[in-house]
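**Student:** Take a look at this one; I'll ask things after.
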Amino acid sequence: MAEKKRVVIVGGVAGGASAAARCRRLSEDSEIVMFERGEYISFANCGMPYHLSGGIASRDELFVQSPERMRSRFRIDVRTLTEVKRIDRERREVFVRELKTGREERVGYDALVLSPGAEPIKPRIPGVESSRVFTLRTIPDMDRLQAALDREKGGRAVIIGGGYIGLEMAEALKSRGFEVAVVEALPGVMSTLDPEMAAFIEEHLVAKGVELRLKSAVSVIRETGEGGLELELSNGQSLKCGLAVLAVGVKPEVSLAKEAGLAIGGLGGIVVDEQMRTSDPAIYAVGDAVEVRHFLDGKAAYIPLAGPANRQGRIAADNIFGRKSVYQNTQGTSICKVFELVVGITGFNEKSLKARKIPYEKIYVHPLHHAGYYPGAEPITIKLLFSPESGKLLGAQLVGTQGVDKRLDVLAVALRAGLTVFDLEHLELGYAPPYGSAKDPVNMAGFVAANVLRGDVKICHSEQALSPLPGQMLLDVRTSGEFKRGTIPGAVHIPLDDLRDRLSELPREKELLVFCQTGLRSYLACRILSQKGFNCRNLTGGYKIFQAAAGGLKK
Ligand code: FAD
């Protein structure tokens, strides 16, 4: 039987509530006290944009667990509207204040779990404190925004920040009848994606009527006489709106930990070991407040997501009660809905691979999410990053309207299992026409990557196609209709079906950079060409990726 302890938990949402419930399941006789500064525990912060959009009609649906139920089912002493102000590590006590009454007390602990989350970053922009500028982290934040949306009933709203919360809010406000502009300081939205993959999201946002202001930072926010806002941008432009939502990221909430002298890492989060223990062995920390290690290279990373927070809460509880439970690091799997698009990512993107000096190769495929002959088949664009030596998966990014979630999860599991692109070729995945293809998109990505590593085809990338070397020549093997609608400057056109008869037109001394729309027909062309003694490369992902990389989609 687990030793009887007094466990104090700071924060009653994802990581905190998960730790509390697991502690009770492991120790029926322990005393478990959970302090939450806000009025609510265990609320679905991830669901808030969908309540604001009207997609989740009832606000009550967001409350996954109530303090009363946590008390009756788990006998957890839940203290809402109570803030933990200080930790006395020597005496193993926390100093708490009830926010309504001002009553203060000291509460002792054998083990303390910190799950205070993160706070929205508020850049020091003049005017950012205006009551018309909103952030979204807590239920009161959501209620304030909801009241403003009800009051304004349309008009213009500006989202500051093009990350996943910003884009979820862009969709929510659009569906509430607002004209929406997204202002993003970086050249593209969703910086977890590589730019050419983000370009598909940008194209979709524009198609949905969202105004995109990229490479523009808000420098001043001014309240106007008419009861609205005027946002001055770094590029000299300005935007008028009724309200603005600030979603430029979060930073770990570490004030308690810092004041208590716990180790804080270079990325600003609480440092924990693999058992989620801080630099004080009696204190654990989990969730958005901590720095983790990246699954792929073991280096420090800050990846604030709900899944890791929940699992870490459980692991902290295990270790408190003597079960050696190890957190196996974070790989950054995330998924987001942007209007009709679904965007998924797992592992490293190119930027992080370059920063870490990890060698990689990349391929793109655009297979249909289920059998083409079954109605409703939609393409998924998959980008796979892998080791050029071993073929080990290093990352995947996916964009599409259907079937993205399941391919993302398969690839996330494959990455965690240390699989290679050769393993992807052999994955046996569920298939019937409404759900997939006999060669699933994940198999397809594996085939294409493995072809490259086996030397069946050499590939090139958009950067090379954009500026071919003097000894190279671009060859477009699409149909005449496709060619007329647009091609890569300087490309010679020979449709695939005519290629065998027109080989004499091609120079043997040049390297041919061959492309089609997606990379499939050009692969077939490369197989013909290389067997006939030509030196050639297939443009992976085809003209579709080229356009995305060259900014053609945004036009
Ligand atoms: P939280 O869940 O934020 O809980 C921390 C709690 O601690 C807070 O309620 C706070 O009031 C309390 N607290 C802080 N300090 C004290 C103190 N001193 N005393 C008492 N209480 C204190 N993640 C995903 O993976 N997928 C998504 O789709 C997704 N969507 C999101 C959408 C939105 C709008 C937001 C805001 C977040 C979203 N997230 C999503 C992130 C996810 O919600 C967080 O990663 C997760 O909630 C972190 O859990 P946590 O326990 O660390 O912190």
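The values are calculated or read from the model by the stated rules, or taken from the named source; none is laboratory data. Here the structure is a predicted model, which is why all the values come from computation and not from measurement. Heads up, the Cβs are rebuilt from the backbone with ideal geometry, glycines too, and the neighbour counts pull from every protein chain shown. Only protein heavy atoms, including side chains, enter the accessible area calculation; ligands, DNA and RNA are left aside. Shrake-Rupley method; radii C 1.70, N 1.55, O 1.52, S 1.80 Å.
**Student:** From the list L296, L262, which one is more than 20 Å from S18 (Cα to Cα) and either assigned to a strand (DSSP E or B) or in contact with an Asp or Glu (Cβ under 9 Å, 6 or more places away or on another chain) (or both)?
**Tutor:** Going through L296, L262 in turn, the sole match is L262.
**Student:** In the stretch 102-138, what count of residues is obtained for those that are in a loop (DSSP other than H, G, I, E, B), more than 24 Å from the chain's Cα centre (by Cα) and away from the ligand (no atom under 16 Å from the Cβ)? Steps first, answer last, please.
**Tutor:** Filtering the stretch 102-138 down to residues in a loop (DSSP other than H, G, I, E, B) leaves 102-103, 109-110, 115-117, 121-132, 135-138.
Of the ones still in play, those that are also more than 24 Å from the chain's Cα centre (by Cα) are 102-103, 109-110, 124-132.
Filter again for away from the ligand (no atom under 16 Å from the Cβ), leaving 110, 124-132.
Summing the residues that are in a loop (DSSP other than H, G, I, E, B), more than 24 Å from the chain's Cα centre (by Cα) and away from the ligand (no atom under 16 Å from the Cβ) in the stretch 102-138 gives 10.
**Student:** Which residue pairs have Cβ atoms under 8 Å apart, sit 6 or more places apart or on different chains, and have a first residue in the stretch 95-118 that is assigned by TED's automatic domain parsing to the domain that holds E31 and a second that is among the aromatic types (F, W, Y)?
**Tutor:** V96/F35; E104/F95; E105/F95; R106/F95; A111/Y284; L112/Y284; V113/Y284; L114/Y284
**Student:** Looking at S437, S480, can you tell me which residue is among the polar types (S, T, N, Q) and assigned by TED's automatic domain parsing to the domain that holds V365?
**Tutor:** S437 is the lone residue from the list that is among the polar types (S, T, N, Q) and assigned by TED's automatic domain parsing to the domain that holds V365.
**Student:** Let me ask another. Scan the stretch 318-336 and tell me whether some residue there is under 30 Å from V182 (Cα atoms), open to solvent by 20 Å² or more (accessible area, probe 1.4 Å), modelled with pLDDT of 95 or more and among the β-branched types (V, I, T).
**Tutor:** The initial filter retains those residues of the stretch 318-336 that are under 30 Å from V182 (Cα atoms), namely 330-336.
Narrowing the set further to residues that are open to solvent by 20 Å² or more (accessible area, probe 1.4 Å) leaves 333-335.
With the extra rule that they be modelled with pLDDT of 95 or more, the set shrinks to 333-335.
Subsequent filtering for residues that are among the β-branched types (V, I, T) retains 333, 335.
Yes, because at least one residue in the stretch 318-336 is under 30 Å from V182 (Cα atoms), open to solvent by 20 Å² or more (accessible area, probe 1.4 Å), modelled with pLDDT of 95 or more and among the β-branched types (V, I, T).
**Student:** Identify the residue in the stretch 299-313 that is outside any helix (DSSP H, G or I) and near the ligand (Cβ under 8 Å from one of its atoms) and, among all such residues, is farthest from I264 (Cα to Cα).
**Tutor:** Of the stretch 299-313, the ones outside any helix (DSSP H, G or I) are 299-305.
If we keep only those that are near the ligand (Cβ under 8 Å from one of its atoms) too, we end up with 304-305.
Numbers: P304: 16, L305: 19 Å.
Among them, the one singled out is L305.
**Student:** Moving on. Hey, does the stretch 513-526 have a residue that's more than 40 Å from the chain's Cα centre (by Cα) and open to solvent by 10 Å² or more (accessible area, probe 1.4 Å)? Walk me through it before giving the result.
**Tutor:** Here is the first cut: in the stretch 513-526, the ones more than 40 Å from the chain's Cα centre (by Cα) are none.
There is no residue in the stretch 513-526 that is more than 40 Å from the chain's Cα centre (by Cα) and open to solvent by 10 Å² or more (accessible area, probe 1.4 Å).
**Student:** Looking at the stretch 338-349, I want the residues that are at positive phi and among the aromatic types (F, W, Y) and have a partner that is at pLDDT 95 or above and open to solvent by less than 10 Å² (accessible area, probe 1.4 Å) with Cβ atoms under 9 Å, at least 6 apart or on another chain. Which pairs are those?
**Tutor:** The qualifying pairs are F339/L167; F339/A170; F339/L205; F339/V210.
**Student:** Taking A263 as meeting all but one of (1) touching a residue at least 60 places away in the same chain (Cβ under 8 Å); (2) over 30 Å from A396 (Cβ atoms), write down the number of the exception.
**Tutor:** Answer for A263: the failing condition is (1).
**Student:** Output yes when any residue across the stretch 255-268 is open to solvent by less than 40 Å² (accessible area, probe 1.4 Å) and among the β-branched types (V, I, T), and no when none is.
**Tutor:** For the stretch 255-268, residues open to solvent by less than 40 Å² (accessible area, probe 1.4 Å) and among the β-branched types (V, I, T): absent.
**Student:** Which of the following residues is touching a residue at least 12 places away in the same chain (Cβ under 8 Å), under 25 Å from L398 (Cβ atoms) and over 20 Å from the mean Cα position of the chain (by Cα): K153, K174?
**Tutor:** K174
**Student:** From the list E291, E202, exactly one residue is within 18 Å of A118 (Cα to Cα), of a type outside the set (G, A, S) and open to solvent by less than 30 Å² (accessible area, probe 1.4 Å). Which is it?
**Tutor:** The match here is E291.
**Student:** Separate question: Scan V94, V84, V78 and give me the residue that is in contact with a Pro (Cβ under 7 Å, 6 or more places away or on another chain), within 12 Å of the ligand (Cβ to nearest atom) and either open to solvent by less than 40 Å² (accessible area, probe 1.4 Å) or under 30 Å from K174 (Cβ atoms) (or both).
**Tutor:** Exactly one of V94, V84, V78 is in contact with a Pro (Cβ under 7 Å, 6 or more places away or on another chain), within 12 Å of the ligand (Cβ to nearest atom) and either open to solvent by less than 40 Å² (accessible area, probe 1.4 Å) or under 30 Å from K174 (Cβ atoms) (or both), namely V78.
**Student:** Among the residues of the stretch 31-62, write down those that are among the hydrophobic types (A, V, I, L, M, F, W, C) and either open to solvent by 50 Å² or more (accessible area, probe 1.4 Å) or free of Cβ contacts under 8 Å to residues at least 12 places away in the same chain (or both).
**Tutor:** C46, I56, A57
**Student:** I'm trying to understand the selection: among the residues of the stretch 337-378, which are under 22 Å from F546 (Cα atoms), open to solvent by 50 Å² or more (accessible area, probe 1.4 Å) and in contact with a His (Cβ under 9 Å, 6 or more places away or on another chain)?
**Tutor:** E378
**Student:** Which is touching a helix residue (DSSP H, G or I) at 6+ places or on another chain (Cβ under 8 Å), away from the ligand (no atom under 14 Å from the Cβ) and not in a helix (DSSP H, G or I), of I32, I41?
**Tutor:** Answer to the check: I32.
**Student:** Looking for whichever is over 30 Å from L205 (Cβ atoms) and open to solvent by 30 Å² or more (accessible area, probe 1.4 Å) here; the options are K544, K510. Which one fits?
**Tutor:** Residue meeting the stated conditions: K510.
**Student:** A further question on this structure: Tell me, please, whether a residue that is out of contact with any Pro (no Cβ under 6 Å at 6 or more places or on another chain), in a loop (DSSP other than H, G, I, E, B) and open to solvent by 20 Å² or more (accessible area, probe 1.4 Å) can be found in the stretch 141-152.
**Tutor:** no
**Student:** Ok, one more. Can you find, within the stretch 222-241, the residue that is most open to solvent (accessible area, probe 1.4 Å) among those that are in a strand (DSSP E or B) and under 14 Å from R156 (Cβ atoms)? Outline the logic, then answer.
**Tutor:** Keep residues of the stretch 222-241 that are in a strand (DSSP E or B), which gives 222-223, 229-233, 238-241.
Those left that are additionally under 14 Å from R156 (Cβ atoms): 229-231, 238-241.
On the way: L229: 2, E230: 47, L231: 0, S238: 58, L239: 1, K240: 110, C241: 12 Å².
By that ranking, first place goes to K240.
**Student:** Do you know which residues across the stretch 153-199 are among the acidic types (D, E), part of a helix (DSSP H, G or I) and closer than 15 Å to L246 by Cα?
**Tutor:** We begin by selecting, within the stretch 153-199, every residue among the acidic types (D, E); these are 168, 171, 179, 184, 194, 196.
Add one more test, that the residue is part of a helix (DSSP H, G or I), and what stays is 168, 171, 196.
Matches in the stretch 153-199: E168, E171.
**Student:** I'd like to know if the stretch 276-288 contains one or more residues that are buried (at least 23 other Cβ atoms within 10 Å of the Cβ) and away from the ligand (no atom under 16 Å from the Cβ).
**Tutor:** no
**Student:** Out of the residues in the stretch 1-29 that are open to solvent by less than 20 Å² (accessible area, probe 1.4 Å) and among the aliphatic types (A, V, I, L, M), which is nearest to the ligand (Cβ to nearest atom)?
**Tutor:** V10
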